[in-house]
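Reading through the structure tokens given below for one structure.
The values are calculated or read from the model by the stated rules, or taken from the named source; none is laboratory data. Here the structure is a predicted model, which is why all the values come from computation and not from measurement. Glycine also receives a Cβ, built like all others from the backbone with ideal geometry; neighbour counts cover every protein chain displayed. Ligands, DNA and RNA are excluded from the accessible area calculation, which covers all protein heavy atoms including side chains. Shrake-Rupley method; radii C 1.70, N 1.55, O 1.52, S 1.80 Å.
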Amino acid sequence: MDALDRVVKPKTKRAKRFLEKREPKLNENTKNAMLIKGGNANLTVTEVLKDIYAVKKPFAVLYKRKNITRPFEDQTSLEFFSKKSDCSLFLFGSHNKKRPNNLIIGRMFDYHVLDMIELGVEKFVALKDIKNSKCPEGTKPMLIFAGDMFDVNEEYRRLKSLLIDFFRGPTVPNIRLAGLEYVLHFTAVDGKIYMRSYKVLLKKSGCKIPRIELEEMGPSLDLVMRRTHLASDDLYKLSLKQPKGLKPKKKKNISHDVFGTTYGRIHMQKQDLSKLQTRKMKGLKKRPAEKSAQDGGAAPKKSKSA
């Protein structure tokens, strides 16, 4: 049995908090990514990994040492690093004569490789090469996908889902206008994928809505798809399954219109208005004759006392 697979009982409070952080939850933590450098990575691949790490921080782990592994042939090393660093996303960079400037992007399910797509870097412009202001660390990006291939081709559709998982960042309840300052644009055309990064500039427009300009800030990548390792339909469907606690409970007699207005239907018995209690006032008080007429009999006469 692997050392990481054993049931570990915590001996300290710190170890207990560490294990509680990793155990399954209804609302999972933000997905972390590990960036691994292969045994024969060149300078271009190393710079790509550093720039992606700068974009992904603080939800990323960068391994600086070279790791001699081939993900498409043996996935045990990736699964070991995933379990060790608690990362469900990975980016592996390598370089050789057959596949120069090679990147492998993938994700895990239950610490096993789910999807894996190999991309070749044909052109790369680093963050430091574009002399513009940068977005602060941890900025949540806006993702834009252009091109019919992302909707028509199954491999490109899975790549789109993988890129959304990789760059989406934490789930936030509210968004402010000034926080929308980072755009990642992916274009699929002529068998290539173009990745561009922009900073959003809010300019004065003379009205309430500002004028928006985009300024390129890097990194910039021209990619081409090579090999793929996609999960089967059953396994992919299993990975998308949500726990019952997250599913909203169906509420009866409630409907919504196209504008989002909620309508409710209430079932009540017919109300007897004669028994309705109203405000007591002297002017509305019934006289003895009215009471006797309502009861259907004559009012009894009071006997005079001697």
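Here are the numbers:
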read-out	value
Separation between Cα centres of the range 207-252 and the range 27-59, rounded to whole Å	18 Å
Sulfur and carbon atoms: percent of accessible area, the chain [1.4 Å]	53 percent
Förster radius 45 Å - calculated FRET efficiency between residue 244 and residue 68 (Cβ-Cβ, nearest 0.05)	0.55
Qualifying GluC sites (Glu not before Pro) for the range 69-137 [loop in DSSP, other Cβ within 10 Å: at most 12]	73, 137
For the chain: span of alpha carbons on each principal axis (Å, largest first)	130, 64, 41
Heavy-atom surface of the chain, accessible at 1.4 Å and reported per residue (Å²)	73 Å²
With Cα atoms, 0 to 90° folded angle of helix 43-56 axis to the chain main axis	10 degrees
Rounded to 10°, Cα long-axis angle of helix 13-22 versus longest principal axis of the chain	90 degrees
Percentage, to the nearest whole number, of Cα pairs in the range 138-256 over 25 Å apart	46 percent
Zero-based 5 Å bins, Cα pair distances in the range 36-114, whole percents	3, 15, 28, 26, 19, 7, 1
The range 1-147 - Rg (one decimal) and Dmax (whole number), Cα, Å	17.2, 54
